[in-house]
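The next block holds one structure in the form of structure tokens; read it before the comments.
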Amino acid sequence: MIIQDDDHDPTDDTNDCIHHDPTNHHHRPRRRRRYRLPLCIAAAQSFQWYEPKQQLLQKILKANMAAIEVTDSSSGLEPFMLAAVGLESDLEAVFRLLVEYPVAATVCC
């Protein structure tokens, strides 16, 4: 399951591309839509691991365990990194996401 990223900066030209369309005589740039996995959105919004009653981050992870291996398309960060950013970040969420996919913390090159 993927969700459209509504946080896309409209002034960001990095995803602009020219599409050749024979019916379009103006050939104006058209933006590609970015999509983010629900796990990345939840981590970026600092969902708490042990939220009272809901525990949404755990439910999202259980619904799509493969998402833990995907780098966020918007930021290029791993889910545990997204969970660590910000003043409202939850250390327990960062730790649990790392436990689920420890390879994400390995240093490359």
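All of the numbers you see were taken from the coordinates with simple rules; none came from a lab. Values in this document were obtained by computation on a predicted structure and should not be read as measured data. Cβ: placed from backbone, ideal geometry, glycine included. Neighbour counts: every protein chain shown.
What the table below lists for this structure:
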| read-out | value |
| --- | --- |
| Residue list for segment 69-99, restricted to those being farther than 15 Å from Pro38 by Cβ, surrounded by 15 or more Cβ atoms within 10 Å (Cβ to Cβ) and among the charged types (D, E, K, R) | Glu78, Asp90, Arg96 |
| Condition met for Ala66 (free of Cβ contacts under 8 Å to residues at least 60 places away in the same chain, outside any loop (DSSP other than H, G, I, E, B), within 15 Å of Arg36 (Cα to Cα) and in contact with a helix residue (DSSP H, G or I) (Cβ under 6 Å, 6 or more places away or on another chain)) | no |
